[in-house]
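Colleague: Below you will find the structure I want to go over with you.
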Amino acid sequence: MTRIKLKIVLPKIPDIELVAIEGLNQMSKFFGISDDKIGEARILVAEAIINAFEHAGESDKGIRVEYSMNKKKLTILVRDYGKGFKPESITEPDINKKLGSDNKRGWGLKLMKSMSDDFHINSGPSGTKITIMKKLE
């Protein structure tokens with residue numbers, strides 16, 4: 001079964017996640033994957049990249065994005081070179097508390113976990129790597 005890979009390093013400029021999403025679109029088109037199937041993957045990619053830029057701190061190394069895709073499965077890797085964090089220290093947002101708060105943010109990890117078929121975070125002082133697997137059939 002044919003598998004294709006794409007690797008991109010994104011600089012920190014506004015809306016650059018759209019470049020990574022376009023790469024994903026072209027790969028899915030190559031395999032004839034429907035827009036419905038790839039739609040959630042677009043959201044996952046955008047969220048992971050935006051989170052990486054927002055939370056990595058000031059790093060001039062950019063964000064590395066890698067895709068590996070065949071007709072059945074997509075693997076997404078998003079890597080930053082920031083300060084890292086402790087994933088186990090992040091608490092899931094409480095909808096009731098968020099509704100009464102000015103801070104409506106903080107849903108990114110929960111969203112990515114819920115939309116992924118497999119989701120892993122490795123993080124340390126030299127950066128964070130998020131690996132997402134999405135079934136396409």
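The values are calculated or read from the model by the stated rules, or taken from the named source; none is laboratory data. What you are looking at is a predicted structure, and each value in this text was computed from that prediction instead of being measured. Neighbour counts run over all protein chains shown; Cβ positions are idealised from the backbone, glycine included.
Colleague: Among the residues of the range 93-116, which ones are modelled with pLDDT of 65 or more and either of a type in the set (Val, Ile, Thr) or in a loop (DSSP other than H, G, I, E, B) (or both)?
Modeller: Answer for the range 93-116, where residues must be modelled with pLDDT of 65 or more and either of a type in the set (Val, Ile, Thr) or in a loop (DSSP other than H, G, I, E, B) (or both): just 116.
Colleague: On to the next question. Do the conditions hold for residue 89, that is, is it hydroxyl-bearing (Ser, Thr, Tyr), at pLDDT below 90 and out of contact with any Leu (no Cβ under 7 Å at 6 or more places or on another chain)?
Modeller: Yes: the conditions hold for residue 89.
Colleague: Then there's this: How many residues are assigned to a helix (DSSP H, G or I) and touching a residue at least 40 places away in the same chain (Cβ under 8 Å) when one looks only at the range 9-28? Walk me through it before giving the result.
Modeller: If we filter the range 9-28 for residues that are assigned to a helix (DSSP H, G or I), which is where we start, we get 17-28.
So of that shortlist, the ones also touching a residue at least 40 places away in the same chain (Cβ under 8 Å) come out as 20, 23-24, 27-28.
Within the range 9-28, residues that are assigned to a helix (DSSP H, G or I) and touching a residue at least 40 places away in the same chain (Cβ under 8 Å) number 5.
Colleague: Here's a follow-up. Would you pick out the residues in the range 17-46 that are loosely packed, with under 15 Cβ neighbours inside 10 Å and of a type in the set (Lys, Arg)?
Modeller: The one that is loosely packed, with under 15 Cβ neighbours inside 10 Å and of a type in the set (Lys, Arg): 29.
Colleague: Looking at the range 47-60, I want the residues that are free of Cβ contacts under 8 Å to residues at least 40 places away in the same chain and crowded, with 20+ Cβ neighbours inside 10 Å and have a partner that is among the acidic types (Asp, Glu) and in a helix (DSSP H, G or I) with Cβ atoms under 6 Å, at least 6 apart or on another chain. Which pairs are those?
Modeller: 49/17
Colleague: Another one. Suppose the filter is assigned to a helix (DSSP H, G or I) and either surrounded by 11 or more Cβ atoms within 10 Å (Cβ to Cβ) or of a type in the set (Val, Ile, Thr) (or both); does residue 6 pass it?
Modeller: The answer is no for residue 6.
Colleague: Moving on. When the residues of the range 29-78 are narrowed to those that are hydroxyl-bearing (Ser, Thr, Tyr) and part of a loop (DSSP other than H, G, I, E, B), which ends up modelled with the lowest pLDDT?
Modeller: My answer is 59.
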